[in-house]
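Q: Have a look at the structure that comes next, please.
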Amino acid sequence: MSQVAQGKGRAGFIAGFLILPLALYLTFVIWPYVQTFGYSFTNWSGQSPTFDFVGLDNYSALMKDEVFRGALWHNLLLLVFVPTITILLALFFAFMVNAGGRSGAGGVRGVRGSSVYKIVYFFPQVLSLAILAVLFGAVYRSDEGGLLNGFLTKLGLVDPAHPVEWLNQPNLVLWCLLLVVVWHGVGFYLVLFSAAMQSVPKDIYEAALLDGAGRAQTFLRVTLPLLWDSVQTSAVYLGIAAMDMFVLVSTMTSGQFGGGPDHHSEVMATVLMRNFLYFGKSGYACAMGVVMLVLTMVLSVVTLRATRRERIEF
């Protein structure tokens, strides 16, 4: 009986610690999701306490909304390029600072000054997105005062009388934003991959070198398979970030909550906020939020399953 009582006491003790966090999670996380799902079937304006049930009208309107479809296409482009470019650059730099130097008496090591490079590469990660927007706003300024235009003018590649309006060119604006996201994220994932690489025994790299493997072969056949779990996790997080992009688009581009010029940098989050706050279509905006939630969950599941492989033990 004493063991039964002890087990019940332990269960009660654990439940006491879990009740409050679980209640807070249900109240501030799960319940807003449930409310959003419910409002997506109404014509709620966001301010009026009354609204009517409209069924699937909001979802059918989404399929006909050219602005939303364009924003979805932009998110899908970012979904492909942001994780791919960021992970490839981070893997390359992590390999170079950990195992890219010449092997000597101390075994495999990184390039000279690798500890300094880690700090330099990680520095963009400590900047908030708001500061990042201001910083790159100065870089992309459409006059000679802009860092990029000034540099290209000095090289004679840009006419100072007709500087490039980087954030107002329909064919350039999305790729300019992509560059900002990659620049901001590479340092974090470099540190993540570096930490994973440091758990790999140096003997494995030394054995590869003794077998005549070059840097490229060592990276593809040794480093990448051993870091695959970290790569998989990074792809999910970067994919979720690519499905958002609200802060950078709303602060760096023209228009209400950004999206300019002429919706060429629009993403789903900016369309959602514009409908919610400016157009009074809160029910319609909630439908967009539900679509974003479903797409993000599907993305996470597909990415984890598509990149699943057997774990390599060492």
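The values are calculated or read from the model by the stated rules, or taken from the named source; none is laboratory data. Not measured: the values here are computed from a predicted model. Cβ placement follows ideal geometry from the backbone for every residue including glycine, while neighbour counts extend to all protein chains displayed. The protein model used for the area step is the full one, side chains on, heavy atoms only, and it has no ligands, DNA or RNA in it. Shrake-Rupley method; radii C 1.70, N 1.55, O 1.52, S 1.80 Å.
Q: On the basis of being under 22 Å from residue 75 (Cα atoms), of a type in the set (Val, Ile, Thr) and open to solvent by less than 20 Å² (accessible area, probe 1.4 Å), does residue 200 make the cut?
A: Taking the combined requirement at face value, the residue does not satisfy it.
Q: Moving on to the next point. Please go through the range 38-91 and pick out each residue that is on the phi > 0 side of the Ramachandran plot and free of Cβ contacts under 8 Å to residues at least 60 places away in the same chain.
A: 55 - this is the single residue of the range 38-91 that is on the phi > 0 side of the Ramachandran plot and free of Cβ contacts under 8 Å to residues at least 60 places away in the same chain.
Residues are listed down the side, and each one gets a yes or a no for (1) among the hydrophobic types (A, V, I, L, M, F, W, C); (2) in a loop (DSSP other than H, G, I, E, B):
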site	(1), (2)
191	yes, no
196	yes, no
203	no, no
209	yes, no
216	yes, no
262	no, yes
266	no, yes
270	no, no
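Q: Further question: Could you please find all residues in the range 212-225 being of a type outside the set (Lys, Arg) and either modelled with pLDDT under 75 or within 16 Å of residue 96 (Cα to Cα) (or both)?
A: Selection gives 212, 213, 214, 216, 217, 218, 219, 220, 222, 223, 224.
Q: Related question: Given (1) farther than 21 Å from residue 174 by Cα; (2) modelled with pLDDT under 85; (3) of a type outside the set (Phe, Trp, Tyr), where does residue 234 come up short, assuming only one miss?
A: The single condition residue 234 does not satisfy is (2).
Q: While we're on this one: Taking the range 144-165 as the search range and keeping residues that are within 21 Å of residue 248 (Cα to Cα) and touching a residue at least 12 places away in the same chain (Cβ under 8 Å), which one is surrounded by the fewest Cβ atoms within 10 Å (Cβ to Cβ)?
A: Filtering the range 144-165 for residues that are within 21 Å of residue 248 (Cα to Cα) and touching a residue at least 12 places away in the same chain (Cβ under 8 Å), the one surrounded by the fewest Cβ atoms within 10 Å (Cβ to Cβ) comes out as 165.
Residues checked against (1) surrounded by fewer than 18 Cβ atoms within 10 Å (Cβ to Cβ); (2) β-branched (Val, Ile, Thr); (3) out of contact with any Cys (no Cβ under 8 Å at 6 or more places or on another chain):
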residue: 262; (1), (2), (3): yes, no, yes
residue: 269; (1), (2), (3): no, no, yes
residue: 279; (1), (2), (3): yes, no, yes
residue: 282; (1), (2), (3): no, no, yes
residue: 294; (1), (2), (3): yes, yes, yes
residue: 301; (1), (2), (3): yes, yes, yes
residue: 307; (1), (2), (3): yes, yes, yes
